[in-house]
Amino acid sequence: MAKKILIISHAHPAFSKGGGELAAYNFYKKYNEMGHDTYFMATHQKENIIHGDTPFSTFNEKEILCYSSMHDPFFNTITNRGVVLNNFNELLDYIRPDIIHFHHYINIGLELIRSSKNWFEKNDLDSKIFLTFHEYMAICAHNGQMVKTTNNKLCYESSPIECAQCFPEKNSGEFKLRELYFKSYFEQIDHFVSPSHFLKQRYVEWGVEDSKISVIENGQEKVLKLEKRELRDGKKRSIFAFFGRINIYKGIDVLLEALDYLPEEILLHTEIQIHGSGLENENEKFQKKVNALMKKFRKNIKYFGAYEPHELKNLMQNIDWVVMPSIWWENAPLVIQESLKYGRPLIVSNIGGMAEQVEHLKNGIHFQCRNSQDLAKWMIKSIEIDFYDKLYDNIREPIWIDEAANKHLILYEKYEKI
Amino acid sequence: MTKKIMYSIDNAQFIDGRLIIIGWMIDDTLSIEDFKLKIDANLYDIKHNDFVKIYRKDVNRSHKKERSELYGFFLMKEIDLETIPSEIILTYNDKSFLRSKYSIKIILKNFTLEQYKLILDEYRRMKNPAIDDFFKDNSLIEDTKPPMQNKSIVYCIDYCININGDSIFISGWAYSNDSNKVTIKALDSEKSYFYAQARDDLEEEDFNGKHKHAGFFAIAKFKHNMQNQKITLEFSDEFDNHITAHIDVKNSSGAKELSQLMLKPVEVDAGFKNKLEDIYGVELSRLWENYYNSLDIVPEIKNYGSIVENPKLSIVVPLYGRIDFMEYQTSMFLADDFFKNEVELIYVLDDPDKFYDIIDGVARELYKLNQIPFKLVKYKKNLGYARANNIGSRFATSEMLLLLNSDVFPIKTGWTQRLLDIYKTLQKPGVLGCKLLFEDDSIQHVGMSFKRETSLNEMWVNVHPYKGMPDTDKSFFVKEIPAVTGACMLLEKKNYDLVGGLSEDYVLGDFEDSDLCLKLMEQELKIYYSSEPELYHLERQSQSLFDDKDWKYKITFFNCWQQTLKWDKRIQSTMERLNG
C-alpha cells in the first residue's frame, strides 16, 4: 500500500558530502520511484537562503530545507525551539505523513522527535517514527566518534566517569543526565535502523533493546562492476587510493607514514592517489605533519583534490586498491560501499564498521589500526604477492538501493500492523 | 610661568567640635598665614595652635626631599557647629608673584588605621602640645576605626552593628601597655558576651608583635531598641587604667552579610557550642527569622496544561540554581502515563533573581513539548529550601505528597506508583524514602541515621551510610529507619500539615529532612526506607549556596546545634530502639 513518508536528515547532500545525508537522500528518491509519496526535510545553517518569517524553504519540489542551529550541542536541543516546533507542526499538517524517518538527530534537535509523536497523538494517528543511527552521538559527546579527546585513543565504552575524563570542565553527573535525557527521547522512537552490525552493537551496549534495532545497510545505486585496471607487462598492483576528507580521523597520515617503511625498490613503483580535501580545516600541527609527508614523498603522491560522486567511476577505474586507514571506528563508510560496487579491494583498519564490511584476505585486507608499519607490510604483500585477483573475484556487490529500500518498507509494514 | 604646587588632602573629619585635616603640600614657603577655612558661609583663620607640620616619609621619598624637610601637615581647628556643614573649602595662597589661590574642597570621611598610625608616629616624635592636648581628651572617640590611646590602653573598634534591634555585634581589638589583659564591658547592656580573638593583622611591627590576642568580638543585648543609638564600652586593665568609648551603632546590610560577619571571628572548636548556647544561637536564629518575616512574599501560581482533578499524588520540586532540571525531569516523567492525569506536579522557583522573568516562557514551551501538566509557583525573593517546600505544598491537592529534589531522575517507569503501593503496606507510616544512586550507580542514599560527633561536642550529626560505595544488594526490602533524605520523601499531606511542614529554623537548608522525620516520630509515626524504586540523585548538580566554605561549615554547625537542642532525647531513644 502506498505510503506518505517524511525523511528528516541533518543535512542536504547538495550542500554537504557526508555519507549519512546521501544515504537518506537516496532512500527518498527510491521511495518516490517506488510510488510512495516521499518528502525530504534537511536542516541547514546557511543564513543567506532563509526567508523572513519561516525557517523553511523548498528545494527541488519535495525537498524542504529547514534552518536550524543548536542551542545546546551537549543535549542536542535547538534554538528558537518554540518557533521551529510551531512551523514543524504546520509542515506535518501540510504533508500528513504516515511514517517519519529520522536520519541523525544532531542539528535537527531531539525535540522534533517528540513533536512528531505529539502530532500523531493529536491527530489520533497510529503512525510510526523511525531513526537511523549514523554515528554515536547519543553515546559520545566527542563528535559522536568514540575517540578520546585527550589523545584520540579509541574508546570502547561510555560511562559517566569515563566521559568526564574527556571533558574535565563537566562533571560525571552531567553525563548521566545526558544519557537519561537522550533515552527519554529514544523511548518515543518505534524502531531504529543501523547500517552496520558494529554500530548496532554499540547502541545495544549503551542500552537500546536489541530487538529494537534492525541492521539495514545503506543501499547503493546499481552499477556494473568495473574491470580490473589493465596491467602492462611486468607492472604490479601498486596504485593505492585514498578517498575522503583529509582529517585526523580518516588517518591520512597513517597512510603517508607507511611509505617510510617501504623498501626502495617497491617505493619506486608505488603510487598514492589522494582524492579529497579539507586539510586547511585541521589544526596547525596536523597540517604541518601532512604537508611535510606530502613533500617528502612527492614523487609517489598524486593529489587530486575533492571529487563529485558521479566522478567516482572514472577515478576507481585507474586504481588497484582503496585504502581506508581511519583511526576511528567508522560505521558504514560510503567509500567502502563504493569500492565494493566498483570492484576495488580495500585495505582497512581492523576496527569497527570497516572490519565488518571488509573480510580479511577474502575481499580485502585488514591492518593494525593506526600502525603505519603494519600497513606498509600489507602494502608490500599486496604488491608482491599475487592475491589481487582472488580478492577481486570475491568482492560481492553491496546491497543495492532497491533492496535496501524494500527492507525498509517491509519494516514499515511490520510496524503498521502493530 | 607659575609653578603649580603639588598637594594632597589625605583625610578630614569632624570629631567632637574639631575639624581635623591631614595632608601634604610641596611648598617651601608653606606657612600657616596662608591658609583659610571656609565653612559654608563662614571664614576662619588658621592659627598657630591649629596647625602642625609633619614629616611625611612617603611624600619626601616620592618627591626626593631631605629628611629635614616637612611637607605634611596636621590641621585641627575647634569649630562650633550645630550640624555637619555642607561645604568646606580650604584656601591657600602661595607666595608666588601672582599669589595663586588654591581652593581645596574638603570631603569628610573616616580616618583609616594608617592615618592614625601616621599621626601617632608624629605625635610620639614631635610632642607638640596641641596634639598632646588633643589626644589627652579621650572622649574624642570616633565611631569606627582609629585607635585612641590613653597612655596605657589602646583600642580600635572595627564593627558595631545592630543585629536584631535590641542586640549588637561588636568587633575590634584592645591591649594595654601596662598589663596583658584588658577587660571590656558594654555599659547599660542587659547581658553581653565578649570573646577573645587571635588576629594576624595585630602581629605587625607597630604593635610589637605581642598583641596578636588583643582581638575581641562580642554580642550585647539591651533592654531597648538600639538602632541609631550609641553604646558605651569601658576598657580597663589590671592596673586600674580605663577608657570609655562611645560608639555609634550602625545598621547592617542584610542577614547573610551580617551572619557572615558575626561568624567570621568564631573558631570552630570546642568553644563554638558554648558561644551558641551563650547568645550566638538565639541571635542568629532571630536574625534569620526577622529577615524572612520582613520579606513581603505573595506567591503566584500558574497552571500549564489542564488541571489534574483528584490527583493520586502531588509532587513538590523546588528549583534553585538551575531551571533546566525542569526540562530533563518532565522529559523523563512523561514515559509514565500516570503523569498525564494522575500526578499533580508542582515546581517552585526559589531563585527569582536569575529566573523570575524568564521562567514562564520556559515553562510554556516545556508544556507544549512534553505535554504533561504541571504547576509553577514563583515569588520575588529567595526563601530557602524549607519555605519553598512549604509554600509549594500549600497548593498540593492530593492526599499524598512527594517532596522531590530537582536533580532526582527515574530509572524505570512506574516509580511513583511503586512508591504509593509500598506506602499502603506500611504500619503507621510517617515518611517513606527509597534508594538513590549516583551517576556511577553507587549508593547515594539508602536511608539516614544519627551519630554523636566527638569533634562537635558530641552533638548529633546526620549520617548517610555507604555513600559512594557499590550497590551490591539488589534485593527488595522495606525497613524502619531513623530518617530519610528530603531528596525523595513520600508522606501524607495531612501529616505534613500536622507537624507544620518543614521547619524554617534551619539556616540555608540542611537538617530539615531529619527534623521532619523527628517531628513525625514525635507523633508516634514511623520512618521507612524501601530498596525500590531506585532513582538517580545527581547530587553535585545542585548549585552550592556557599561560596565561602568556612562560613558554610559554621552554618552547618549552627544547624547541627539547633537539631540537637530540639531533639537530643528523641534521637537518643530512636537510635537505641532501632539499633538495639
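Things to note:
- Heavy-atom accessible area, 1.4 Å probe, ligands and nucleic acids excluded: residues of region A:112-158 down by at least 20 Å² from chain alone: A:Arg114, A:Asn118
- The Cα center of region B:311-365 and the Cα center of region A:1-60 differ in position by 36 Å.
- Under 20 Å from the Cα of B:Lys36 - lysines, other chains or at least 8 residues apart: B:Lys4, B:Lys47, B:Lys53, B:Lys77, B:Lys95, B:Lys101, B:Lys105
- Note on region A:8-137: with charges restricted to the Cβ of Lys and Arg (+1) and Asp and Glu (-1), its dipole about the Cα centre is near 220 debye.
- Magnitude of the charge dipole, chain A, Cβ model with Lys/Arg +1 and Asp/Glu -1, debye to 20: 840 debye
- Per-residue [θ]222 nm for chain A (sum of -39500 (n - 2.57) over DSSP H runs n ≥ 4, rounded to 500): -11000 deg cm²/dmol
- Environment charge at B:Val298 (Cβ cut-off 11 Å; Lys +1, Arg +1, Asp -1, Glu -1): +1
- Accessible area of chain A divided out per residue, in Å², using a probe of 1.4 angstrom: 43 Å²
- About its Cα centre, the dipole of the protein assembly as shown is roughly 1780 debye, where the only charges are +1 on Lys and Arg Cβ and -1 on Asp and Glu Cβ.
- Heavy-atom SASA rank of A:Arg178, B:Arg364 (probe 1.4 Å, accessible area, largest first): B:Arg364, A:Arg178
- The helix-based estimate of mean residue ellipticity at 222 nm for chain B, built from -39,500 (n - 2.57) per DSSP H run of four or more residues and divided by its residue count, is -8000 deg cm²/dmol to the nearest 500.
- Residues of region B:393-426 that bury at least 40 Å² of accessible area when the other protein chains are present, relative to the chain alone (probe 1.4 Å, heavy atoms, ligands and nucleic acids excluded): none found.
- For the pair B and A, total buried accessible area rounded to nearest 100 Å², probe 1.4 Å: 1900 Å²
- Within-9-Å neighbourhood charge of B:Leu436 [Cβ basis; K, R +1; D, E -1]: -1
- If R0 is taken as 35 Å, the Cβ-Cβ distance between B:Lys36 and B:Glu66 corresponds to a FRET efficiency of 0.75.
- For A:Cys163, the solvent-accessible surface computed with a 1.4 Å probe is close to 20 Å², ligands and nucleic acids excluded.
- Only one residue of B:Val317, B:Ser236, B:Ala198 has its Cα farthest out toward the positive end of the dipole of region B:186-318, where Lys and Arg carry +1 and Asp and Glu -1 on Cβ, and that residue is B:Val317.
- Taking Cβ atoms as reference points and 11 Å as the exclusive limit, the residues near A:Pro345 contribute a net charge of +1, counting Lys and Arg as +1 and Asp and Glu as -1.
- Positive-pole candidate from B:Ala396, A:Ile5, B:Gly172, dipole of the protein assembly as shown, charges at beta carbon: A:Ile5
- Distance from region A:352-370 to region A:164-192 (C-alpha centre basis), Å: 31 Å
- Across A:Lys289/A:Lys377; B:Lys340/B:Lys549; A:Lys17/A:Lys236; A:Lys148/A:Lys407, pairs whose alpha-carbon gap is larger than 31 Å: B:Lys340/B:Lys549; A:Lys17/A:Lys236; A:Lys148/A:Lys407
- Rounded accessible area per residue of region B:461-509, 1.4 Å, Å²: 45 Å²
- Among the chymotrypsin sites (Phe, Trp or Tyr not before Pro) in region B:449-545, those located in a DSSP loop and surrounded by at most 16 other Cβ atoms within 10 Å of their own Cβ are B:Tyr466, B:Phe476, B:Phe477.
- Within 10 Å of each Cβ in A:174-182, the average number of Cβ atoms from other chains: 5
- Label point at A:Lys222 placed 7 Å out along Cα→Cβ; residues across region A:399-418 whose backbone nitrogen lies under 13 Å: A:399-406
- Among A:Gly343, B:Leu334, A:Ala23 - extreme Cα towards positive end, dipole of the protein assembly as shown, charges at beta-carbon: A:Gly343
- Of the chymotrypsin sites (Phe, Trp or Tyr not before Pro) found in region B:236-333, the ones in coil according to DSSP and having at most 16 other Cβ atoms within 10 Å of their Cβ are B:Phe239.
- 0 to 90° range, to nearest 10: angle between helix A:372-384 axis and chain A longest Cα axis: 60 degrees
- Compared with the dominant Cα axis of chain A, that is its longest principal axis, helix A:19-33 is turned about 60°.
- Apportionment of accessible area to carbon and sulfur, region A:72-220, percent (1.4 Å): 46 percent
- By accessible area, using a 1.4 Å probe on protein heavy atoms only, region A:352-409 has 43% of its surface on carbon and sulfur.
- At least 50 Å² accessible surface lost relative to isolated chain, residues of region A:69-102 (1.4 Å probe): A:Arg81
- Take each residue in A:159-169, count the other chain C-beta atoms within 10 Å of its C-beta, and the mean is 1.
- Gain upon complete extension [B:Tyr44, B:Gln227; 0.36 nm per residue less C-alpha separation]: 62.3 nm
- Within the accessible area of chain B (1.4 Å probe), percent carbon and sulfur: 48 percent
- Bridge orientation summary for the protein assembly as shown: considering DSSP beta bridges with both residues in this region, about 60 percent are antiparallel.
- Averaged per residue, region B:237-286 has 47 square angstrom of accessible surface, using a 1.4 angstrom probe with ligands and nucleic acids left out.
- Relative contact order [Cα under 8 Å, 6+ residues apart], region B:362-508, whole percent: 30 percent
- Of all aspartates and glutamates in the structure, the ones whose alpha carbon falls short of 16 Å from that of A:Lys29, not counting any fewer than 8 places away in one chain, are A:Glu21, A:Asp37, A:Glu61, A:Glu63, A:Glu221, A:Asp402, A:Glu403.
- Shape box of the protein assembly as shown [Cα atoms, principal axes, largest first, Å]: 118, 88, 56
- Among the listed pairs A:Lys30/B:Lys368; B:Lys435/B:Lys519; B:Lys256/B:Lys424; A:Lys183/B:Lys552; A:Lys212/B:Lys493, a Cα-Cα separation exceeding 32 Å is found for A:Lys30/B:Lys368; B:Lys256/B:Lys424; A:Lys183/B:Lys552; A:Lys212/B:Lys493.
- Note on A:Asn123 and A:Lys296: the model spin-label points, each 7 Å out from Cα along the C-beta direction, lie 6.0 nm apart.
- The distance between label points at A:Leu231 and B:Asp337 comes to 6.7 nm (points 7 Å beyond Cα on the Cα→Cβ vector).
- Relative contact order of region A:201-343, pairs being alpha-carbon contacts under 8 Å that are 6 or more residues apart, as %: 38 percent
The values are calculated or read from the model by the stated rules, or taken from the named source; none is laboratory data. Just so we're clear, the structure is a prediction, and the values are computed from it rather than from any experiment. Glycine gets a Cβ as well: all are built from the backbone with ideal geometry, and neighbour counts include every protein chain shown. Surface areas here come from the heavy atoms of the whole protein model, side chains and all, with no ligands, DNA or RNA. Shrake-Rupley method; radii C 1.70, N 1.55, O 1.52, S 1.80 Å.
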